[in-house]
Amino acid sequence: MDPKRKSIQKYFTSSLPKWALALIVIGIIMVLGGFSSRDGIGIALFGILLAGLGGFGIYNYTQVPSDQQIDKWTEEDLQNLGQRALNKTGIDQSEIVGEPVTITGPSFKAGGPLWKVGKDRRLRFSKVEAAVINFAQNQLVVYSCTVDIVSGNTLKESTDEYFYRDVVSVSTKTLDRQISLGKGTDGTDVRVSDGEYFTLTTSGGTSVEVFLQSPEIGKKLGGEMPATDAERAIQTIRKMLREKKGAVAGV
């Protein structure tokens, strides 16, 4: 794992090392005991060594990326999806007739994400679900995946194409879907429902669906869910649909 990914992993998993605190306490006791006895210089020196090791453990714990750095690295990973979407869907940049739209939200699919409440009280997640929507001449071309920012891997990839005339709805909806947040302190599975989703539905019943947020998750995890830019993306898609369907109707 490269240094960047190790730093991201430390951000989500680092916790105050109890062993370091224990070494510091033991070291201090040995130093005080050693210096209080006539022949305890060796014990005192060993205590200093133990306390030093404990101090290094505490220092290492504090060397984690800032919330802003994690946001920057996450954005970089998501920006890389633009070219990957073109490659995976087999279309060329010259075939695109509008700016692509990317819908994102935390991924709670198999395995679930790591999470952390930042200093700004905002929740950050290690796995991001994304749908990149490109606009071709006659159809929407959709690339969906889950980005694991800890490993840098792109998972659960899929591609779809939908003719503009077949798209009947694009919106955000509150859906009753069980979402597992992992094991609680008592060992039981923590679940929530009533999440907000981006949905794009066609006349054939097929759809694109991306989880966006849920106030329930924020309450259970003790932080605020990240803001979503889904509404702006929806307006962009609707504008393109109106233009394309209008052009077809006018022919």
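The values are calculated or read from the model by the stated rules, or taken from the named source; none is laboratory data. Just so it is clear, the structure is predicted and the values come from calculations on it, not from any experiment. Neighbour counts are summed over all protein chains in view; Cβ atoms, including those assigned to glycine, are modelled from backbone coordinates with ideal geometry. Calculation scope for accessible area: heavy atoms of the full protein, side chains included, ligands and nucleic acids excluded. Shrake-Rupley method; radii C 1.70, N 1.55, O 1.52, S 1.80 Å.
Things to note:
Let's see how each residue does on (1) among the small types (Gly, Ala, Ser); (2) free of Cβ contacts under 8 Å to residues at least 60 places away in the same chain:
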| residue | (1), (2) |
| --- | --- |
| 156 | no, yes |
| 159 | no, no |
| 169 | yes, yes |
| 191 | no, yes |
| 195 | yes, yes |
| 212 | no, no |
| 221 | no, no |
| 224 | no, no |
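- Test result for residue 223, modelled with pLDDT of 90 or more, under 22 Å from the mean Cα position of the chain (by Cα) and either over 23 Å from residue 98 (Cβ atoms) or among the hydrophobic types (A, V, I, L, M, F, W, C) (or both): yes
- Answer from 18, 4 - the residue that is loosely packed, with under 15 Cβ neighbours inside 10 Å, modelled with pLDDT of 85 or more and either among the charged types (D, E, K, R) or more than 32 Å from the chain's Cα centre (by Cα) (or both): 4
- Within the stretch 114-143, tally of residues that are under 14 Å from residue 212 (Cα atoms) and of a type outside the set (Asp, Glu): 7
- Options 217, 237: the member that is open to solvent by less than 10 Å² (accessible area, probe 1.4 Å), at pLDDT 85 or above and over 23 Å from the mean Cα position of the chain (by Cα): 237
- Among the conditions (1) exposed (fewer than 14 other Cβ atoms within 10 Å of the Cβ); (2) under 30 Å from residue 164 (Cβ atoms); (3) touching a residue at least 40 places away in the same chain (Cβ under 8 Å), residue 98 misses just one, which is (1).
- Hits in the stretch 32-71 - residues which are closer than 29 Å to residue 102 by Cα and surrounded by fewer than 12 Cβ atoms within 10 Å (Cβ to Cβ): 66, 68
- Screening the candidates 176, 166 for the property of being out of contact with any strand residue (DSSP E or B) (no Cβ under 8 Å at 6 or more places or on another chain) and of a type in the set (Asp, Glu) yields one hit, 176.
- Of the residues making up the stretch 150-169, those that are of a type in the set (D, E, K, R) and in contact with a Cys (Cβ under 7 Å, 6 or more places away or on another chain) are 156, 157.
- The stretch 109-123 residues that are closer than 18 Å to residue 64 by Cα, paired with ones that are aliphatic (A, V, I, L, M) and surrounded by fewer than 16 Cβ atoms within 10 Å (Cβ to Cβ) (beta carbon under 8 Å, 6 or more apart): 123/117
- Given (1) hydrophobic (A, V, I, L, M, F, W, C); (2) outside any strand (DSSP E or B); (3) touching a helix residue (DSSP H, G or I) at 6+ places or on another chain (Cβ under 8 Å), index of the condition residue 212 fails: (2)
- Residue in the stretch 134-146 that is within 30 Å of residue 5 (Cα to Cα), polar (S, T, N, Q) and modelled with pLDDT under 95 present: no
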